[in-house]
Amino acid sequence: MPPLQALVVDGRAALVVTESETGTRSSVLRIPEVLNTICSLFESVWSDADPAHRTIVFGDGERTALARRILGHLHAGVTDEGAARELTFSVRTYGRYVAEIMTLLGANSRFQMGVCAAKLGLIPTPPPRRPDRRGTPRAAPGRYRYRRGGSDSGGVHPAGADTSARRRTA
């Protein structure tokens, strides 16, 4: 269904534009009940909408590319030491860059920075979960697996981790 395009003027008239296979049509509406419905729809959509985000300026293109690379390393779970080594920075310089990105995004923690960066489209979102044969969502292929069992016999572990010590002995 295409989005509704409407222009309401002083609550007394509305111009509504619709598109279909036959083309674009527009109508001027002046019926108070219809105008009230259109205004209510607008208010409902407006109140539930996500606020527009401010533009984040990292600097020139080179600094923007660096910020994206740093966010990519954080998204991938690379340690500060590993990311700094790969980017040929000291760990301290890498930490300063991370702190600068946090400040620009208005984040108080790395987790909050990741959420903000994902909302702004600065890092890719994770793939959706795929259902297994029974229709139950399962994790996309990756680093973690879930082991079922009692509260002390499993959980989320890195793939290939030895979890035998966690098995119940009682």
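Assorted remarks:
- Within the option set ALA117, ALA99, ALA83, ALA76, being surrounded by 14 or more Cβ atoms within 10 Å (Cβ to Cβ) and farther than 22 Å from ALA49 by Cα holds for one residue only, ALA83.
- In the range 18-27, the condition of being of a type in the set (Asp, Glu), under 25 Å from the mean Cα position of the chain (by Cα) and at negative phi is met by no residue.
- Every residue from the range 32-62 that is surrounded by 11 or more Cβ atoms within 10 Å (Cβ to Cβ), at pLDDT 90 or above and out of contact with any strand residue (DSSP E or B) (no Cβ under 9 Å at 6 or more places or on another chain): ASN36, THR37
- Check on VAL16, part of a helix (DSSP H, G or I) and surrounded by 11 or more Cβ atoms within 10 Å (Cβ to Cβ): no
- Counting the residues of the range 53-75 that are farther than 17 Å from THR103 by Cβ, assigned to a helix (DSSP H, G or I), free of Cβ contacts under 8 Å to residues at least 24 places away in the same chain and not hydrophobic (A, V, I, L, M, F, W, C) gives 4.
- Unique match (being out of contact with any His (no Cβ under 7 Å at 6 or more places or on another chain) and part of a helix (DSSP H, G or I)) among VAL34, VAL78: VAL34
The values are calculated or read from the model by the stated rules, or taken from the named source; none is laboratory data. Just so it is clear, the structure is predicted and the values come from calculations on it, not from any experiment. We place every Cβ from the backbone using ideal geometry, glycine too, and count neighbours over all the protein chains shown.
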